[in-house]
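All remarks here apply to the structure that follows.
The values are calculated or read from the model by the stated rules, or taken from the named source; none is laboratory data. What you see is a predicted model, and the numbers here were worked out from it, not measured in a lab. Cβ placement follows ideal geometry from the backbone for every residue including glycine, while neighbour counts extend to all protein chains displayed. Ligands, DNA and RNA are excluded from the accessible area calculation, which covers all protein heavy atoms including side chains. Shrake-Rupley method; radii C 1.70, N 1.55, O 1.52, S 1.80 Å.
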Amino acid sequence: MAKKILNAGNPNVPDYKTLKEIIVTGTKSGGDKKQYAFKDKTGHEQQRTFNETWREICGIGTFFYSKGLKDKSKIAIIAENSFDWMIAYYATLVGGNVSVPMDCKLSASNLADQLIRCGCDALVYSEEFEPMIEAFKANENMRIKHYFKVEDFESFKAEGYKLFDAGETYVVDVEVKPDDLACIVYTSGTTGKSKGVMLSHYNIASNCSASTRAMSGRHAIGFLPLNHTYAWVSALFACYILNEWGYLCESLKSIQSDLKNQKPYNFSGVPLVVETIYQRIWRTARSTGREEILQKGLKISRFLMKLGIDKRRKIFKTIIDNLGGNLSMIVCGGANLDPKYEIGMREFGIDVYNGYGMTECSPAVTCNRPGAYKPGSVGVPLDCCEVKINNPDEEGVGEIYVRGSNVMLGYYNDPEATAEAFDGEWLKTGDHGRIDEDGFLFMVGRKKNLICLSNGKNVSPEELEDKISQYIEYVQEVLVYDENSQIIAEVYLNEEDYPDARDRIKADMKEFNKTVASFKRINKTIVRDEEFPKTTTLKIVRKYMMAANKAE
C-alpha cells in the first residue's frame, strides 16, 4: 500500500460533492474576474468572466430544458474544442442531465456505434461533422430526438435567456446529487472495443478536489481534447476551484505561438508535447550554433544546484522567454514519459510532474508534485484513492489496484465487463507496476500486452520500450512485440538530427542487449519509414500492430 503524502498545493480545498457545486461555488467567488480567453470563428480573441460564462450556461441549459431534456437525459457532443463545447458540457451537468462527450476524431461507424449503445437523447455537433450527422439521422437504430449545431448556439442562448429571465429557473433550481450519473465516457480502445465508463458527479468532483489540493496552478493554456477526463480535471473544473483563467488553444500546431502570446505559468499535456518542446530547444540550439553554449550553461547550472544555488531560470532565460517567460510547471499524463525529458526540462527551470490515471478513475490516480517528486515515477496517490500492487512478484511488480471515491460506477449496460473489472472494492487497472519504499508508483506495462515466453518468463514490452528510448537517443518511437517466439523492436528514428541513425541502429541495439537480462534481449529490429498510427490521445495503437502481425 502506498504511503500517504501531505498535499503540496491547496490543502484547504474542500471535498466537493457534485460538479454543479464546483461550478456554482466557483462562479460566486470568481464573479467578474476573467475565466476564459479563446478565438472565435473569425479569429478574433474573446474573453469571458466567471459571471458571463454562468449566464451562457443558464441560457443553453434552459434551452435544453425547453426541449424536454431533463431528468438525466443523455446529451452527446461531437465537435472540435471550442468555448461553446464547454458551455454545452457545463449546461448538461448543471441541468441534471448526463453528458456523453465523444471523440470527434473517431470514424463515423465508431461514433454511430457508441451513440446507439448509450441511447443518446440529443446530440450537439459542429458544422464540420454535418455530413456524418445527416447519416446518423437516417439510421433507424438511433434514438436521438434533438440535433443542435454549435454554429446556432447564439440563437439557442437567446431563446434560453428569454425563458430564464421570465422566471424559468429549472437549470439553477434542479437538485444534483453526488451519486447521480454525470458522464458516460468511451475509452480510447487501444487494444479492443471501447466501453462506456459511467462516472458520477462525486467520482469526478472528488478527483478534482484531490487534484487541486495536490497541485497549485495559475493561469494556463489548454489544448487537450475536451472529451477526455484529463482535460476536465486539469482545466474545466480546476479553473472554478482555483479561480484562475485559461486560454483555449485551437490546436497543438499553435502551441508555440500560444505560449508566447498568452504567457502561461503552467499547462497539462501528454508526453509527446513535452518531448517536442525539449527536442525543439536542442534543435534550435544546433541550428543557431549555440549548442556548445547551452551545454556549458547546463554544466554551470548543475554545479550551482549542488551548492544549493538555483539560477536555472536566469541562465536559461532565452529558453524561458521563448516559452512565454512565465512557464514554470507542466503536468504530464496519458502515457509513459521518458525520464530524460522530465529531467531535461527541469534542468532548464521548468518542473515536469508526471502522473498516472485512467478514465475509470475520473481519471487521476497518482502524480508527482512539489515536495513529493521522483524522476521516472508517476508519483504518489491522490488523497481521494488508495493504490496497491496485487500479487507482486520477487521484484515487487504486479497488477495495480485502485479503490476510492474517484473509481467509476461501472461500464454502461455491460454488467459482465463491470464484474470483470473489480476484485471486491478494488478496480483492476490492467496495468503493472511497483511501489517503492517511499510510496512512489513506477509503471511497468499493461497486463494484456505482456510477452509470455516459452521458458515461462514474462516480458513487459513497455519496460523495454522505455529502456530503448533512454539508451538510444535517436529512437523517436518504438514498439516492442513478439513474433514467432522472438522479441521484435520496431522503431521510428529521428533521422533529421541524426542522419546516420539507420547505419547505427543495428550496432547500438546490440550494445543495448548487453544491458538487459538475456531473456529480454531484442532478437530483431525493424526500422519504419513513418510514424506509428496513434489514438487521438497520441498513444501508439497496439491493436493495429497485433492485427498486422497475425495477418503476416
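Has segment 505-514 got any residue that is within 26 Å of Ile277 (Cβ to Cβ), surrounded by fewer than 12 Cβ atoms within 10 Å (Cβ to Cβ) and out of contact with any Ser or Thr (no Cβ under 6 Å at 6 or more places or on another chain)?
no
Step by step: first the residues of segment 152-179, then only those that are closer than 27 Å to Thr42 by Cα and touching a residue at least 60 places away in the same chain (Cβ under 8 Å), then the one that is surrounded by the most Cβ atoms within 10 Å (Cβ to Cβ). Which residue is that?
Filtering first and then ranking leaves Gly160.
When segment 408-432 is examined, which residues are found to be of a type outside the set (Val, Ile, Thr), open to solvent by less than 70 Å² (accessible area, probe 1.4 Å) and in a strand (DSSP E or B)?
Result: Gly410, Tyr411, Phe422, Trp426, Leu427, Lys428, Gly430, Asp431, His432.
Going through segment 90-121 one residue at a time, which ones are of a type outside the set (Gly, Ala, Ser) and in a helix (DSSP H, G or I)?
The answer is Tyr90, Thr92, Leu93, Val94, Asn110, Leu111, Asp113, Gln114, Leu115, Ile116, Arg117, Cys118.
If we only count strands (runs of 3 or more DSSP E) wholly inside segment 433-532, which ones have 2 or more residues that are in contact with a His (Cβ under 9 Å, 6 or more places away or on another chain)?
Result: 441-446.
From the list Met305, Met345, pick out the single residue that is assigned to a helix (DSSP H, G or I) and under 30 Å from Leu479 (Cβ atoms).
Met345
Among residues belonging to segment 17-56 that are closer than 23 Å to Val233 by Cβ and of a type in the set (Ser, Thr, Tyr), point out the one that is farthest from the chain's Cα centre (by Cα).
Ser29
Go through segment 209-232 and count every residue that is within 15 Å of Leu93 (Cα to Cα), outside any loop (DSSP other than H, G, I, E, B) and hydrophobic (A, V, I, L, M, F, W, C).
Summing the residues that are within 15 Å of Leu93 (Cα to Cα), outside any loop (DSSP other than H, G, I, E, B) and hydrophobic (A, V, I, L, M, F, W, C) in segment 209-232 gives 1.
With the condition kept exactly as written, say whether any residue in segment 336-352 is open to solvent by 20 Å² or more (accessible area, probe 1.4 Å) and within 21 Å of Thr187 (Cβ to Cβ).
yes
Which one of these does Glu52 not meet: (1) part of a loop (DSSP other than H, G, I, E, B); (2) open to solvent by 20 Å² or more (accessible area, probe 1.4 Å)?
Against the list (1) part of a loop (DSSP other than H, G, I, E, B); (2) open to solvent by 20 Å² or more (accessible area, probe 1.4 Å), Glu52 comes up short only on (1).
Of the residues in segment 268-278, how many are at pLDDT 90 or above and in a helix (DSSP H, G or I)?
Number satisfying all stated conditions: 3.
Suppose we keep only residues that are modelled with pLDDT of 95 or more and more than 16 Å from the chain's Cα centre (by Cα) within segment 215-241. Which one would you say is surrounded by the most Cβ atoms within 10 Å (Cβ to Cβ)?
Tyr240
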